[in-house]
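K.L.:
Input: one structure, supplied below.
The values are calculated or read from the model by the stated rules, or taken from the named source; none is laboratory data. Since this is a predicted model, take the numbers as computed values, not measurements. Quick reminder, even Gly has a Cβ in these numbers, built from the backbone with ideal geometry, and neighbours come from all protein chains shown. What goes into the accessible areas is simple: the full protein's heavy atoms, side chains included, and nothing from ligands, DNA or RNA. Shrake-Rupley method; radii C 1.70, N 1.55, O 1.52, S 1.80 Å.
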Number of protein chains: 2
Amino acid sequence: MSAQVICIGNEIMLGHIANTNAQFISNKLASIGIKTSKHLDIPDNPEVIISSIREVLNESEIVITSGGLGPTVDDITLECIQKALNKKLIFNKKISERIKAHFKRRKIKMPANNLRQALLPEGAIPIDNNIGTAPGLIIPVENKVLIAFPGVPFELYPMFEETALVYLKKKFSLGQIIKSRVIKITGLAESRVNEIIEDILQIAGDVQMGIYPHPEEIHVKITVTEKNEIAADLIINKIQKKVESRLKNYIFGYDNDELEEIVGKYLLRAKKTLAIAESCTGGLLANRITDIPGSSSYFKLGIVSYSNESKNNLLNIPMDTIKKYGSVSKQVAALMAKNVRDLTSTDYGIGISGIAGPGGATNKKPTGLVYIALSTKAKTICKEFRFIGTRNLIKYKSTQAALNMLRLWLPSALS
Amino acid sequence: MSAQVICIGNEIMLGHIANTNAQFISNKLASIGIKTSKHLDIPDNPEVIISSIREVLNESEIVITSGGLGPTVDDITLECIQKALNKKLIFNKKISERIKAHFKRRKIKMPANNLRQALLPEGAIPIDNNIGTAPGLIIPVENKVLIAFPGVPFELYPMFEETALVYLKKKFSLGQIIKSRVIKITGLAESRVNEIIEDILQIAGDVQMGIYPHPEEIHVKITVTEKNEIAADLIINKIQKKVESRLKNYIFGYDNDELEEIVGKYLLRAKKTLAIAESCTGGLLANRITDIPGSSSYFKLGIVSYSNESKNNLLNIPMDTIKKYGSVSKQVAALMAKNVRDLTSTDYGIGISGIAGPGGATNKKPTGLVYIALSTKAKTICKEFRFIGTRNLIKYKSTQAALNMLRLWLPSALS
């Protein structure tokens, strides 16, 4: 039993928009145990639409389409469905009333074209659209089903969840769910993670395992198909424990956890405060920290010292030190961390200085060289990193490493 | 002549990620006049990968795959391509050296698995990957071509643009191009933009027009299919002039222009410098400004004053003023702008104070209330904004408004 998703629209084929509908639909289907075997994006071309619907309906029990149900001339999906399934179009009075009411409510004169949307293929069950005018359609085809949605994501999302998902669960759900857990790792390369857990990755049976790289972050994903949440959790937890026993402290979180959130929770729990002075990351570290609601409880000050003068004036770093070692140096990063902590008497201070590129590199100090320092009342440590990538990537990777240094420091503060 | 894009990965089929690679690839192909006739997303299943490659290669001249080229056991695309095309795998010494150098540069021990990535199908032209280890591949197949990329977007993007696009342009480009121009507007609502240029949007013929809303930014897009750049530009420029004559100074840029870049160019040209003090935006404004290479020429200092103490200590804002008006007030934002400018003697100072939510709101000061001040030697102005959205959206919209205030101020400084 499988589903396929067909997304129809020239704007997808031209790359003007990303296909987020297919992602949404597959994700929701997985939550009720239905696997998506294919996504197909095709242009607003009647022959292609008709042949794709026929082909896909041949291969899978569930076909879901998005796009082309609107009132304009380039909305041809309804017509194509009718032809592909060889069904008559029948005028639906209830839908026409809804469309008229929609325009009345918005005090806009209804274009005559809109009533086309009230013509439904024989046997179709309409799905109400509470945001736009185009209804969705559930069309049973023998023991299979074709479900059609308008392409606007914020119209599709509620329609899918409230109607189609309920219908599919009742009719096709196998008493099975697909559940995933993501284990999030930082401080190790993808290939190193792979090496450490290679045997676990090769678990046979219905468990799918995958490793996905992100900037200075690796995701290990466990996916199982089981009869219910409890059975799924049982298997996932067992594998998770194995992974944990190998990767230990390199694991910083799970599923939707973000490093800045985890660090924030630690700081909040330990009642510790933080100030940062950043140079090459240019405010990105402060920005990530303050993306977390309630961060004002622990985050007190950020300084983006983008000039030697500001490092000297505000952070009291002697010009001699900057001249002797350079602004990108262990010495300067350490002083940034220490002095910003002193400025507002916080428990922790972070200092970052590096070369994000593309300009500013020298033979001895290449693009991607970054010094990150962490200062506490007891001591100040500083680490050297060499990151690869664009300016934005180097900025981001530096903030990942800085947050991770703080994370690794914090649990000891908690104990 | 057409192209098809196959994206391979269980994480796509489970809806864990959106397929942004297909969008990127189609968009770039359109820019050299190559139409994408289909996107196909499929799971990490060897039979499906092999049969899809064969089928698609049958239908189209250009097949582009993404995903499954990494060093881990679930990366099986290379093997499947080899089988689908019936080609031998040959060890590529140059690639193996590059992979070794990648690890050496990062001072990390190379896992043996990584050398699998140096095995290439016979006749394949490798595409260098300057960020990760997996090379891309251009594989000519009679008069057609299969091009394979790793699935990580920030690796694929530069590889595609620098190598594959150049190759395809030379080998397949038709006497036609699809060209779009985006006109970027800020400071007006979508419906207002629509009203002002409604008649221009209804231009008939081969011109496609669209309005797309973004946070505190509206894009008007003109798309034409023409025989060459000159013919396309002729039509686009004519429509663009009409739009410009209506929307004037609300237009801040075109195509890939970003507000922070435009403002940076103005500052650079006028040889003016900037310092900022931000509260509710938490470093996002500094981060956006420093995303621009060379921004250190004009951006001198950012202060993220996330506590009243730091507003008082570092920015010399009297505690009495904070107590009397509140930290979210016209008075405090104005002092932030003025005092941060004084600290490093820059030409401009920006101050932002507001409530990003979800906490911190009161009856009189709701979430989304933001004060933005701009200070010059001559005077300091402050504006009140009321933004709607999540914490992140309010942060972002505030930075848009701040950058726009500076933009509107700057041309007069230039004249």
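K.L.:
Given a Förster distance of 60 angstrom, what is the FRET efficiency for residue A:170 paired with residue A:309, based on the Cβ-Cβ distance and rounded to 0.05?
P.N.:
Result of the calculation: an efficiency of 0.30.
K.L.:
Show log10 I(q)/I(0) for the protein assembly as shown at q = 0.04 Å⁻¹, two decimals, from a solvent-free Debye sum over equal Cα scatterers.
P.N.:
-0.19
K.L.:
Right, here's the next one. In nm to one decimal, list the spacings between the residue A:265 label point and its equivalents in the other copies, with label points set 7 Å along Cα to Cβ, shortest first.
P.N.:
Distances to the matching label points in the other copies: 4.5 nm.
K.L.:
Let me check I've understood the local charge: for residue A:205, count other residues with C-beta under 13 angstrom from its C-beta, Lys and Arg +1, Asp and Glu -1. What total comes out?
P.N.:
Working: positive: A:238; negative: A:206, A:226.
Neighbourhood net charge equals -1.
K.L.:
Sticking with this structure for a sec: So what are the three principal axis dimensions of region A:177-254 from its Cα atoms, in whole Å, longest to shortest?
P.N.:
Between the extreme Cα coordinates on each principal axis of region A:177-254 lie 36, 22, 20 Å.
K.L.:
Need the list of aspartates and glutamates near residue A:330 for cross-linking: C-alpha distance under 13 angstrom, and skip anything on the same chain fewer than eight residues off.
P.N.:
Counting by Cα, and skipping residues close in sequence, residue A:330 has these aspartates and glutamates nearby: A:384.
K.L.:
Return P(r) of region B:253-307 (all Cα-Cα pairs; 10 Å bins starting at 0; whole %; ordered from short to long distances).
P.N.:
Reading upward from the zero bin: 25, 51, 22, 2.
K.L.:
Per-residue Cβ counts within 10 Å, from other chains only, averaged over A:310-316: what number is that?
P.N.:
Values: counts 9, 1, 0, 5, 5, 0, 0.
Per residue, the average neighbour count from other chains is 3.
K.L.:
Only counting protein heavy atoms at a 1.4 Å probe, give the residues of region B:273-289, ordered by number, whose accessible area falls by 50 Å² or more when the other protein chains are present relative to the chain alone.
P.N.:
Going by heavy-atom accessible area, the residues of region B:273-289 that drop by at least 50 Å² are B:287.
K.L.:
Can you compute the helix-only [θ] at 222 nm over chain A? Use -39500 (n - 2.57) per DSSP H run of at least 4 residues, normalise by all residues, nearest 500 deg cm²/dmol.
P.N.:
-12500 deg cm²/dmol
K.L.:
Please list the helices of chain A that count as membrane-span-like by this rule: a mean Kyte-Doolittle hydropathy of at least -0.5 together with Cα atoms stretching 30 Å or more along the helix axis, each helix being a complete DSSP H run.
P.N.:
Values: long enough: A:391-414 (35 Å, 0.05).
The qualifying helices are A:391-414.
K.L.:
I would also like to ask the following. Am I reading the B/A interface right? What is its buried accessible area, both sides, 1.4 Å probe, to the nearest 100 Å²?
P.N.:
Result for this pair: about 6100 Å² buried.
K.L.:
Also, I was wondering about something else. Among A:362, A:376, what's the order by accessible area (1.4 angstrom probe), most exposed first?
P.N.:
These residues rank, largest area first, as A:362, A:376.
K.L.:
Excluding ligands and nucleic acids, what accessible area in Å² is computed for residue A:192 using a 1.4 Å probe, to the nearest 10?
P.N.:
90 Å²
K.L.:
Run the numbers on chain A and let me know its relative contact order in percent, using alpha-carbon pairs under 8 Å that are six or more apart.
P.N.:
11 percent
K.L.:
Also: Between residue A:316 and residue B:257, with labels modelled 7 Å along Cα→Cβ, what's the label distance in nm to one decimal, could you check?
P.N.:
Inter-label distance under the simple model: 4.5 nm.
K.L.:
Here's something else I'd like to know. In terms of Cα to Cα distance under 13 Å, which aspartates and glutamates are near enough to residue B:300, apart from those fewer than 8 places away along the same chain?
P.N.:
Qualifying aspartates and glutamates at Cα under 13 Å: A:278, A:309, B:342, B:347.
K.L.:
How far apart are the residue A:31 label points across copies, placing each 7 Å from Cα toward Cβ, in nm, shortest first?
P.N.:
3.7
K.L.:
Starting from one equal scatterer on each C-alpha and no solvent at all, send me the Debye-based log10 I(q)/I(0) for region A:260-414 at q = 0.11 Å⁻¹, two decimals.
P.N.:
Debye curve over Cα of region A:260-414, log10 I(q)/I(0) at q = 0.11 Å⁻¹: -0.37.
K.L.:
Roughly to the nearest percent, how much of the accessible area of the protein assembly as shown is carbon and sulfur, given a 1.4 Å probe?
P.N.:
52 percent
K.L.:
Something else now. Just to be sure I follow: if Rg is taken over the C-alpha atoms of chain A and Rh is the Kirkwood radius over the same atoms, what is Rg/Rh?
P.N.:
Taking Rg over the Kirkwood Rh, I get 1.10.
K.L.:
Among B:408, B:186, B:163, whose Cα lies farthest out toward the positive end of the dipole of the protein assembly as shown, if unit charges sit on the beta carbon of Lys, Arg (+1) and Asp, Glu (-1)?
P.N.:
B:408
K.L.:
Ok, one more. Which links in A:87/A:169; B:338/B:377; A:144/B:38; A:365/B:107; B:271/B:377 stretch past 20 Å when you go from one Cα to the other?
P.N.:
Violating the 20 Å limit, Cα to Cα: A:87/A:169; A:144/B:38.
K.L.:
Got the residue A:86 label distances to the other copies yet, label 7 Å along Cα→Cβ, in nm, shortest first?
P.N.:
Nearest first, the other copies' label points are 3.8 nm away.
K.L.:
Okay, moving on. Rounded to the nearest 0.05, what FRET efficiency do residue B:241 and residue A:103 have when you use their Cβ-Cβ distance and R0 = 30 Å? Display every interim value, and only then the final one.
P.N.:
Details: r = 35 Å, r/R0 = 1.15.
The computed FRET efficiency comes out at 0.30.
K.L.:
Per residue, how much accessible surface does chain B expose to a 1.4 Å probe? Answer in Å², no decimals.
P.N.:
42 Å²
K.L.:
If you don't mind, another one. Taking the Cα centre of chain A as the origin, how large is its charge dipole in debye, to the nearest 20, when only Lys and Arg (+1) and Asp and Glu (-1) carry charge on their Cβ atoms?
P.N.:
So the magnitude is around 1240 debye.
K.L.:
Further question: Could you rank the peptides A:306-315, A:22-31 by their average count of other C-beta atoms within 10 Å per residue, with the highest value first?
P.N.:
Peptide ranking by packing, descending: A:22-31, A:306-315.
K.L.:
Heavy atoms of the protein only, probe of 1.4 Å, neighbouring chains included. What is the accessible area of residue B:325 in Å², nearest 10?
P.N.:
Roughly 90 Å² of residue B:325 is accessible to a 1.4 Å probe.
K.L.:
I'd like the accessible area for residue A:291: 1.4 Å probe, protein heavy atoms, all chains in place, Å² to the nearest 10.
P.N.:
Near enough 40 Å² of accessible area.
K.L.:
Over region B:2-172, calculate the relative contact order: mean separation of alpha carbon pairs under 8 Å at least 6 apart, over the residue count, as a percent. Let's see the in-between values first.
P.N.:
Values: 292 pairs, mean separation 40.2, N = 171.
It comes to 23 percent, rounded to a whole number.
K.L.:
Rounded if a/c is under 1.5, else prolate if a/b is larger than b/c, else oblate: which is region B:286-348, with a ≥ b ≥ c the root eigenvalues of its Cα gyration tensor?
P.N.:
It is prolate, given that a/c is not under 1.5 and a/b is the larger ratio.
K.L.:
In addition: Here are some pairs, A:379/B:311; B:221/B:265; A:83/B:35; A:83/A:109; which of them have Cα atoms lying more than 29 Å apart in this structure?
P.N.:
A:83/A:109
K.L.:
Can you bin every Cα-Cα distance in region B:2-172 into 5 Å intervals starting at zero and give me the percent of pairs per bin, rounded to whole numbers?
P.N.:
Calculated P(r), rounded to whole percents: 1, 9, 19, 22, 22, 15, 8, 3, 1, 0.
K.L.:
If the only charges are +1 at each Lys and Arg Cβ and -1 at each Asp and Glu Cβ, what is the size of the charge dipole of the protein assembly as shown around the Cα centre, to the nearest 20 debye?
P.N.:
Around 2700 debye, computed over the protein assembly as shown.
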